[in-house]
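The values are calculated or read from the model by the stated rules, or taken from the named source; none is laboratory data. Computed from a prediction, not measured in an experiment: that's the story for all the values here. FYI the Cβ positions are ideal-geometry reconstructions off the backbone, even for glycines, and counts take in every protein chain you see. For accessibility, only protein heavy atoms count, side chains too; no ligands or nucleic acids. Shrake-Rupley method; radii C 1.70, N 1.55, O 1.52, S 1.80 Å.
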Amino acid sequence: MKKQAPLWEPKYRIEMAFRRRLLAIVRNYIIKQVREASTLDEIISVLQKASETEEYRKLCEAAAMKMVSGLFSDQGHTWRQAAAINGKGREMYRRIQRELQGETKKIFWNLVDEATYRIVTLPSDIGHDVADYIAREALKGRRASDLEAEIQKMFPEKTQARAKLIARTQVSMTSTNLTRQRAERYGINWYIWRPVGGAAGDGRTRWSHRQMSGVIINWNDPPAPEDLFPIYGQNGKPYRNTMGHYHAGCCPNCRCYPEPIIDLEQVTFPARVFYGGRIMQMQRPDFERIM
């Protein structure tokens, strides 16, 4: 029997469908045109102009809208399931029905716009990378003809890798943002940080995120996992945190997700709570006081 995924974990099928759409856009509207370019200047020009066409922007928006629609619909079902499990089914159902007539349309399109922007800017982002690479290699005395052949060879693989990263990151961030919008509207201010694969992650979960597993977090106070659980270099100093403070699922390539605390019966006490800039153990009465 296939193992059931945790209730709040974003559905992998949504990420894969979004990834397939992005890869199709990349192959047909970026890689194909770059292959037809014969000089470095033409390659840069193609990348700069790719995002300016109306057809390309419409394709990006369509891909973003299908992804956000999938998450929106899937999470609506998840909220109803979670409410039923916690004995709040009727109350939550009424709230969801009201939501569909209220601010949801605006929130939905804001999320679509955010995802569209990330896809639309993909060619120009890659263009900047290519220009920087050319400049660095030219300083080493390399010839333009050698660089042209090299870029043509490595470009498809690197571009598709960037598209896959966008797919994973954008689905995760959109899912978290949608969860937060709904949670705060329902008066649910706390969530539990969950990594994909259970408490210890699935083997690909980064060190700091494995340590965040099970930590209770307030939506208004995102942690900085890399500062809470630093990795030290050979010089004995911690690596610099370049990502700052963020919620579960809201940094590049992160597959963690928030589990909203609809009912305190979800929580096993004593629990680890991020509060006042650090993680502390709390008993239920202590946590109820800060709620």
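Computed values, structure above
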read-out: The range 46-68, residues that are open to solvent by less than 40 Å² (accessible area, probe 1.4 Å) and not aliphatic (A, V, I, L, M); value: S51, Y56, C60
read-out: Single unsatisfied condition, R255 versus (1) farther than 30 Å from K164 by Cβ; (2) in contact with a Gly (Cβ under 8 Å, 6 or more places away or on another chain); (3) not in a strand (DSSP E or B); value: (1)
read-out: Odd one out for M282 among (1) over 24 Å from M173 (Cβ atoms); (2) exposed (fewer than 13 other Cβ atoms within 10 Å of the Cβ); value: (2)
read-out: Any hit, the range 231-245, residues being in a loop (DSSP other than H, G, I, E, B), within 27 Å of G187 (Cα to Cα) and within 19 Å of the chain's Cα centre (by Cα); value: yes
read-out: Candidate set: the range 143-162, residues that are in a helix (DSSP H, G or I) and open to solvent by 70 Å² or more (accessible area, probe 1.4 Å); chosen: the one nearest to V34 (Cα to Cα); value: K153
read-out: Lone unmet requirement of (1) at pLDDT 90 or above; (2) in a helix (DSSP H, G or I); (3) open to solvent by 10 Å² or more (accessible area, probe 1.4 Å) for T174; value: (3)
read-out: Residues (at pLDDT below 85, of a type in the set (V, I, T) and closer than 17 Å to F155 by Cα) located in the range 103-133; value: V130
read-out: So W219, is it over 16 Å from E259 (Cβ atoms), without any contact (Cβ under 8 Å) to a residue 60 or more places away in the chain and aromatic (F, W, Y); value: no
read-out: Residue match in the range 4-12 (condition: at pLDDT 85 or above and not in a loop (DSSP other than H, G, I, E, B)); value: yes
read-out: Answer from P230, P238 - the residue that is at pLDDT below 90 and farther than 29 Å from S69 by Cβ; value: P238
read-out: Criterion violated by K58 - all others in (1) touching a Pro at 6+ places or on another chain (Cβ under 8 Å); (2) modelled with pLDDT of 85 or more satisfied; value: (1)
read-out: Single unsatisfied condition, W207 versus (1) surrounded by fewer than 14 Cβ atoms within 10 Å (Cβ to Cβ); (2) within 24 Å of A82 (Cα to Cα); value: (2)
read-out: Residue that is modelled with the lowest pLDDT [pool: residues in the range 250-278 that are buried (at least 19 other Cβ atoms within 10 Å of the Cβ) and either β-branched (V, I, T) or closer than 20 Å to A82 by Cα (or both)]; value: I262
read-out: Tally, over the range 13-40, of residues that are surrounded by fewer than 17 Cβ atoms within 10 Å (Cβ to Cβ) and in a loop (DSSP other than H, G, I, E, B); value: 2
read-out: Matching residues, the range 109-119, being surrounded by fewer than 21 Cβ atoms within 10 Å (Cβ to Cβ) and either in contact (Cβ under 8 Å) with a residue 60 or more places away in the chain or over 14 Å from C60 (Cβ atoms) (or both); value: W109, N110, E114
